[in-house]
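Read the structure below first, then the notes.
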Amino acid sequence: MNSFPTIHIRGTGGYLPERVMTNQELSQLVDTSDEWIRSRSGIACRHLAAADECTSDLATHAARQALDDAGITAADLDALVVATTTPDLIFPSTASIVQSRLKVAGFPCWDIQAVCSGFVYALAQLEGMMRAGMFRRVLLIGAETMSGILDWQDRGTCVLFGDGAGAVVLEAGEDDGCGLMRSVLHCDGSYRELLMARHARCQRAPNTKNMPALEIDAAGVSAIQMRGNEVFRVAVNKLGEVVQEVMQVNGVAQQDIDWLIPHQANIRILRATAKKLQLPEERMVVTVDRHANTSAASVPLALNEAARDGRLQRGQLLLLEAFAGGFAWGANMLRWSRD
Ligand code: ACO
């Protein structure tokens, strides 16, 4: 008999800042157009955090909603993890800030940084730790304020990103045929120059000597730099491979998949992955049109949306995937545990 617990998602939450910026508005800032952004990326608008809103603020809103949804309080948690690439501070972790905002203390908190793959990476990490018996209930949040690390004069990047947070409550429980299955994770750091943001010290680090000089802002952080079309080609290729791999390690076939919940970078990348899976587009959860790329928040935000609007049904097979700077990419598979 299997003595390891199965890990279930018991609740979901999401938060998007109030301010919505349309493509039309962006076209007054940089030389772009609604037509270009929609046709190249599928994005129509994005949410932007207010000047006084930090990643921990967005994360705390999403956390509260996920806890309510799971019918528990923060005092019931054994750990709290935030996947983010835009932490409030270099240290302490954003997770520890969220913990104190939830007015609890004692249990471990940490951040995980795998850029847009942060949530997928963290889900795999936590599933392993929880199966090994370390924690029973964990709050996992993907939260980002990407607007703070964008160059608002670079039309190649500023049109693509947005801010937001999504959260899930994970719980170790019985094997009832549902819950998290095996994940696959990958990284190839040789691609780092295609997609990155630096802080001031990196200007002097020997491993970045071939990188172009960058403007560093007063906070010591450079804006996102991306060679978009090169990233695009590798993303399509690696995501095509990783969805096959995660099906293989879990022993499932293409026709078994009920929902693809992809990282929301670009509708053309999403469609290419759905095509690889021979999955009709209506079985894919899409938020990129309204949220743009919210990095580590995009997968849990999409999951939360589909859970709340009733698309996800208990027992259905979900495939989550993401591709990010690094490059770091991966996929999770699960059977939806909720009624
Ligand atoms: N408006 C108008 N024109 C633009 C804009 C813009 N916003 N941005 C670029 N262009 C121009 C370029 O300058 C170029 O002009 P040129 O031909 O005169 O040189 C032309 O449009 C085509 O540019 P490409 O970069 O080749 O356009 P492409 O079709 O590749 O689309 C995009 C660009 C949307 C960035 C796409 O490549 C993409 O989505 N890449 C992947 C992004 C991604 O997945 N990132 C990973 C996750 S993010 C993370 O981890 C933080």
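Run through the DSSP bridge list for the chain and note the antiparallel percent, rounded to the nearest 5. Before the final figure, lay out the partial values.
Details: 39 of 54 bridges.
Just about 70 percent of them are antiparallel.
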### Message
Over the chain, what is the relative contact order in percent, taking alpha-carbon pairs closer than 8 angstrom and at least six residues apart?
### Response
26 percent
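How high is the FRET efficiency between Ser33 and Ile90 when r is their beta carbon distance and R₀ equals 51 Å, given to the nearest 0.05?
Details: r = 37 Å, r/R0 = 0.73.
Between Ser33 and Ile90 the formula returns 0.85.
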#### Entry: the chain, dipole about Cα centre (Lys/Arg Cβ +1, Asp/Glu Cβ -1), debye to the nearest 20
580 debye
#### Entry: Kirkwood-based shape ratio for region 108-166, expressed as Rg/Rh from alpha carbons
1.12
### Message
Quick check on packing: order 241-253, 171-183 by the mean number of other C-beta atoms within 10 Å, highest mean leading.
### Response
171-183, 241-253
### Query
Which order, highest average first, do 68-75, 114-121 follow once you tally other Cβ atoms within 10 Å for each residue and take the mean per peptide?
114-121, 68-75
### Task
Give, in nm to one decimal, the length gained when the segment between Glu193 and Gln248 is fully stretched (0.36 nm per residue of separation minus the Cα-Cα distance).
16.7 nm
### Gained length - Thr22 relative to Asp289, 0.36 nm times residue gap less alpha-carbon distance
95.1 nm
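I need the calculated FRET efficiency for the pair Glu230 and Ala75, taking r as the beta carbon distance and R₀ as 41 Å, to the nearest 0.05.
0.30
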### Task
Work out how much length Asp256 to Ser100 would gain on full extension: take 0.36 nm times their residue separation and subtract the Cα-Cα distance, in nm to one decimal.
52.0 nm
### Query
When all alpha-carbon pairs of region 6-176 are counted, what percent fall beyond 28 Å?
28 percent
### Query
Could you give the alpha-carbon Rg of the chain over 2.2 N^0.38 Å, rounded to two decimals?
0.94
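Read-outs throughout are calculated quantities, based only on the coordinates presented, and are distinct from any laboratory measurement. Just so it is clear, the structure is predicted and the values come from calculations on it, not from any experiment. A quick note on method: Cβ atoms are made from the backbone with ideal geometry, for glycine too, and the neighbour counts reach across all protein chains shown.
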